[in-house]
1. Just subtract the alpha-carbon distance of Lys126 and Thr113 from 0.36 nm times their residue separation and send over the number in nm, one decimal.
2. If packing is taken as the average number of other Cβ atoms within 10 Å across a peptide's residues, how do 33-42, 115-124 rank, most packed first?
3. Suppose each label sits 7 Å from its Cα in the direction of the beta carbon; what would the His78-Asn102 distance come out to in nanometres?
4. Where nothing but the Cβ of Lys and Arg (+1) and of Asp and Glu (-1) is charged, how large is the charge dipole of region 24-123 around its Cα centre, in debye to the nearest 20?
Amino acid sequence: MSPSIALGSQTLSGEGKISKIKPVDLELVSQLTAQGRYEFSEHAERERLHDHFTVDEVKNVAINGELIEDYPEDPRGHSCLMLGWSKDGRPIHVVLTILPTNVVRFITVYEPTKPKWIDPWTRARKE
């Protein structure tokens, strides 16, 4: 699965191809999360606890965060990577999807760090 960059209603895939698949509906993600219609995968909960992020910090990423990557062909369902910030200023990455039941599922939660990330917005190139 290669990451994609959202371009309005089009997506530029990691291979440079333009797709007509729309990015995850961030307004719906925000609404559902604010309404309490979200859940954590076991993996996301483990990672959240490991990196010492609160549930409210993760929710804030879903409600107010910035779309970093879109994954329209994720086998778990169309998902995306969002960036937000913890109360103490650390970056938080949240990969999430909207389930068919209109529930936001947090797939993973982590603090982006080197060597995988140059900064919170930029993946390191694979050698």
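Please treat every number below as a calculation from the coordinates, not as lab data. Every value quoted in this text rests on a predicted model; they were computed, and no experiment measured them. Heads up, the Cβs are rebuilt from the backbone with ideal geometry, glycines too, and the neighbour counts pull from every protein chain shown.
1. Length difference between fully extended and current span is 3.2 nm.
2. On the way: 33-42: 14.6, 115-124: 11.8.
Most protected by this proxy first, the peptides run 33-42, 115-124.
3. Between His78 and Asn102, the label points sit 1.6 nm apart.
4. Working: 11 positive and 17 negative charges, 36 e Å.
Using Cβ point charges on Lys, Arg, Asp and Glu, region 24-123 gives about 180 debye.
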